[in-house]
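The values are calculated or read from the model by the stated rules, or taken from the named source; none is laboratory data. Just so it is clear, the model here is predicted, and its values are computed rather than measured. Neighbour counts run over all protein chains shown; Cβ positions are idealised from the backbone, glycine included. Just the protein is used for accessible areas: all its heavy atoms, side chains included, with ligands, DNA and RNA removed. Shrake-Rupley method; radii C 1.70, N 1.55, O 1.52, S 1.80 Å.
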Amino acid sequence: MSGFFCIEMDEFVVYILFSKEHNKVYIGYTSNLIERFKSHNHLSKKGYTIKFRPWEVVHVEFFTTKSEALKREKILKAGKGREFIKEIIAQL
């Protein structure tokens, strides 16, 4: 058997973006990080993230279910999560 094949897996990513130029943070989740990142930095014509371009990905976490990813996203947007993010940004 020749050729290349790819098995598609459902995977969810919680990501943190940082805009150095504007000192802004954005937290989100997706099942396609590369396309979502392109959207935040280039493709979107409206929304919060277009105001603070360019963005860089400073942290990602992978999950097997959407509910796990949403739970983690919510934690990162709360108090302890914000402290965690400050530590990440301080190391840049």
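Listing for the model above:
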quantity: Flag for Phe84 being hydrophobic (A, V, I, L, M, F, W, C) and in contact with a Lys or Arg (Cβ under 7 Å, 6 or more places away or on another chain); calculated: no
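Results for (1) open to solvent by less than 100 Å² (accessible area, probe 1.4 Å); (2) not aliphatic (A, V, I, L, M), shown as yes or no for each residue.
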site: Thr30; (1), (2): yes, yes
site: Arg36; (1), (2): yes, yes
site: Gly47; (1), (2): yes, yes
site: Lys51; (1), (2): no, yes
site: His59; (1), (2): yes, yes
site: Thr65; (1), (2): yes, yes
site: Glu73; (1), (2): yes, yes
site: Leu76; (1), (2): yes, no
site: Phe84; (1), (2): yes, yes
